[in-house]
Amino acid sequence: MSKKNCMSSRLPSGSATLFAMGLGALFAPAMGCGNAEVGAAPASASGEGTPISYEHAATTTRPSLNLSTYRYIPSGDGLSSSTGKVDNLDRDVDYGLALRTASIKLHGDLPTLTDIRRMQAAVKAGKNDSTENDPSFVYNDLVHTYIFGTKDGSGKYVTTPEFRRQMFNFWRNQMRMGGTLTALFQASMTDMRSVSLDTAPALAARLTVEETDMTNLFTQSSNTCPTFDPVSATFADGSCAAKTDTFPGNNVPEGQQAGVLTNPGFLAQYYSNFGFRRSRLIQEVFACSALPSEFAAKPKQIGEYLYSSPWDFDSVTNNTDGHKAVFDAVNLPRTARGGVVAKNTEFVNFRGDCQNCHGTQNHRAPLFGVFDQVGFRSPTNKLMVTSTATGSPFAQIQEYQWQCNPDPAKPVANAVCTGAISWKYGLPGIDFGGPAVPNFNAFGKQMAADDTTAKCMMIRLWNNAYSRDDVVDQLALVPDAVIDDLTAYFKSNKYNLKMAMYKMYTDANFIRF
């Protein structure tokens with residue numbers, strides 16, 4: 001298996017200019033559904049909203065890849081290709097190329113001349129005795145130094161600045177983030193605030209470097225916005241709730257954060273109509289698959305649609321009688337930026353072909369919809385993402401799930417919708433709405449307990465090491481048989497990413513070309 005000696009760079013998929021353009025206009029095609037067709041709609045006497053279509057822009061059929069079960073079991077014993085005995089010769093082994101690749105990936109540069117000569121001497125000696133004459137021993141020792149660093153006076157390993165910089169850049173690339181973003185604050189039309197897009201990658205890099213349980217990426221409840229100084233290659237503590245003159249924080253108290261899930265930069269980068277872009281990127285970046293992400297054991301034919309989601313078809317708002325969004329335009333008028341839309345009762349009609357994705361999406365996205373364009377949570381937990389209805393009013397929970405419709409006899413703004421949110425079908429539901437801070441951490445714990453997220457980290461690690469493209473965007477898939485052992489090792493070592501990294505870079509497959 002060949003490896004390129006380079007690290008692919010990815011530009012962030014969002015920027016401040018997108019907000020000026022209007023992310024809502026960019027959102028729908030990315031989700032596989034076209035822009036909603038809307039028109040002026042008066043408030044209905046019954047309080048029932050007026051449906052607007054949410055059609056597919058085009059039909060896309062993904063070809064079957066027909067991937068076979070795959071496990072590469074090398075025939076040699078890992079000795080260098082200079083081994084004298086013919087029966088031990090493994091012509092695919094190249095410690096020189098493996099060291100070059102590992103150094104570029106882990107230190108961002110070619111190996112030093114000292115490292116190269118040390119490796120060459122061991123290859124020439126060709127022993128298998130765990131000494132400086134053993135190429136496997138020398139290679140593993142060099143990779144260990146690249147990842148874990150060297151011991152200080154107290155005997156503790158200290159990582160190198162180069163490795164810390166590489167991990168920061170690795171997570172920047174995986175999350176497609178970096179720099180700063182300036183966007184509108186809350187419901188204002190003029191109040192612009194700035195937010196860093198580097199604190200989320202810094203959190204992930206710090207967890208990696210300090211050998212912390214990587215599930216903290218979804219569950220860490222405080223100190224979730226550290227900063228990274230690329231010059232000194234050091235991390236500094238930082239609170240996502242902290243406020244400055246220009247940055248409002250995320251309005252989630254310390255102790256109730258949820259790692260990157262409540263990171264204001266991550267939320268700002270992926271702002272969109274209904275918050276679907278946030279939900280989609282959480283799926284793609286941390287579960288390594290595109291939507292739809294859940295499938296029923298057996299699909300159902302519902303009218304003209306083949307429905308494959310495990311969620312009840314009518315749990316999502318649609319135009320079926322009894323499952324439409326209800327609006328009270330008099331007692332609960334729809335609001336938009338800078339004013340009020342008093343008579344608009346339009347709602348998105350999630351048709352059957354879109355519900356294969358939105359069965360999951362509509363049970364996740366509202367949790368992250370309470371954050372505005374700079375990742376600040378509404379103090380009253382109102383949705384701060386816009387609907388595609390005429391005038392772009394802020395979305396309401398009943399547009400996602402019909403069972404969250406307000407009681408027409410008691411039209412209370414932002415009433416609690418019990419059990420409306422969960423990471424996957426069948427998990428305990430998390431309440432949405434009301435005055436309390438949403439339980440973001442419970443959602444993060446559901447993600448952390450899902451083996452899919454652990455496997456995804458190994459896939460991203462593998463693709464980076466072997467210079468492959470993104471698992472979702474470019475379909476650089478890694479067969480389960482290749483990644484299963486590494487995932488099990490990662491989990492058994494308390495989700496220590498550095499240990500998994502060392503195992504992968506010293507694997508018998510990595511030294512073969």
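Considering only residues that are more than 17 Å from residue 92 (Cα to Cα) and open to solvent by less than 60 Å² (accessible area, probe 1.4 Å), which ones fall in segment 123-133? Result: 125, 131. For segment 224-260, the set of residues classified as hydroxyl-bearing (Ser, Thr, Tyr) and surrounded by fewer than 24 Cβ atoms within 10 Å (Cβ to Cβ) consists of 227, 232, 234, 239, 244, 246, listed by residue number. Just to be sure, is residue 158 β-branched (Val, Ile, Thr), more than 16 Å from the chain's Cα centre (by Cα), farther than 29 Å from residue 372 by Cβ and open to solvent by 30 Å² or more (accessible area, probe 1.4 Å)? Considered against the rule, which asks whether it is β-branched (Val, Ile, Thr), more than 16 Å from the chain's Cα centre (by Cα), farther than 29 Å from residue 372 by Cβ and open to solvent by 30 Å² or more (accessible area, probe 1.4 Å), residue 158 comes out as yes. For segment 92-118: of the residues being of a type in the set (Asp, Glu) and farther than 18 Å from residue 128 by Cα, which is surrounded by the most Cβ atoms within 10 Å (Cβ to Cβ)? By that ranking, first place goes to 115. I'd like to check something: does segment 295-310 contain any residue that is under 30 Å from the mean Cα position of the chain (by Cα), touching a residue at least 60 places away in the same chain (Cβ under 8 Å), open to solvent by 10 Å² or more (accessible area, probe 1.4 Å) and closer than 30 Å to residue 479 by Cβ? Yes: one or more hits.
Scanning segment 341-381 for residues that are under 22 Å from residue 271 (Cβ atoms), more than 22 Å from the chain's Cα centre (by Cα) and of a type in the set (A, V, I, L, M) yields 341, 348. Residues in segment 304-342 that are within 16 Å of residue 399 (Cα to Cα) and basic (Lys, Arg): 324, 334.
Given 263, 318, which one is open to solvent by less than 10 Å² (accessible area, probe 1.4 Å), within 30 Å of residue 343 (Cβ to Cβ) and of a type in the set (S, T, N, Q)?
Details: 263 fails: within 30 Å of residue 343 (Cβ to Cβ).
Result: 318 is the single residue among 263, 318 that is open to solvent by less than 10 Å² (accessible area, probe 1.4 Å), within 30 Å of residue 343 (Cβ to Cβ) and of a type in the set (S, T, N, Q).
When only residues in segment 144-189 that are among the hydrophobic types (A, V, I, L, M, F, W, C) and out of contact with any helix residue (DSSP H, G or I) (no Cβ under 7 Å at 6 or more places or on another chain) count, which is nearest to residue 205 (Cα to Cα)? Filtering first and then ranking leaves 158. The residues in segment 167-185 that are over 19 Å from the mean Cα position of the chain (by Cα) and open to solvent by 20 Å² or more (accessible area, probe 1.4 Å) can be counted, and the count is 3. If you go through segment 445-457 and pick out every residue that is open to solvent by less than 10 Å² (accessible area, probe 1.4 Å), of a type outside the set (S, T, N, Q) and more than 19 Å from residue 210 (Cβ to Cβ), you end up with 2. Here residue 289 meets each of (1) under 23 Å from residue 389 (Cβ atoms); (2) modelled with pLDDT of 95 or more with one exception, condition (1).
Please determine, by comparing only the residues of segment 476-493 that are assigned to a loop (DSSP other than H, G, I, E, B) and of a type outside the set (S, T, N, Q), which one is most open to solvent (accessible area, probe 1.4 Å).
Taking segment 476-493 first, the residues assigned to a loop (DSSP other than H, G, I, E, B) are 476-479, 493.
Now restrict to residues that are of a type outside the set (S, T, N, Q): 476-479.
Working: 476: 10, 477: 61, 478: 13, 479: 39 Å².
Ranking the candidates gives 477 first.
I'd like the full set of residues that are among the small types (Gly, Ala, Ser) and open to solvent by less than 30 Å² (accessible area, probe 1.4 Å), limited to segment 494-513. Scanning segment 494-513 gives a single hit, 500.
Listed here are the residues, each with its yes/no results for (1) farther than 24 Å from residue 253 by Cβ; (2) of a type in the set (A, V, I, L, M); (3) open to solvent by less than 40 Å² (accessible area, probe 1.4 Å).
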residue: 345; (1), (2), (3): yes, no, yes
residue: 348; (1), (2), (3): yes, yes, yes
residue: 370; (1), (2), (3): no, yes, yes
residue: 402; (1), (2), (3): yes, no, no
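The values are calculated or read from the model by the stated rules, or taken from the named source; none is laboratory data. Just so we're clear, the structure is a prediction, and the values are computed from it rather than from any experiment. Methodologically, a virtual Cβ is constructed for each residue, glycine included, from the backbone with ideal geometry; neighbour enumeration extends over all protein chains shown. The protein model used for the area step is the full one, side chains on, heavy atoms only, and it has no ligands, DNA or RNA in it. Shrake-Rupley method; radii C 1.70, N 1.55, O 1.52, S 1.80 Å.
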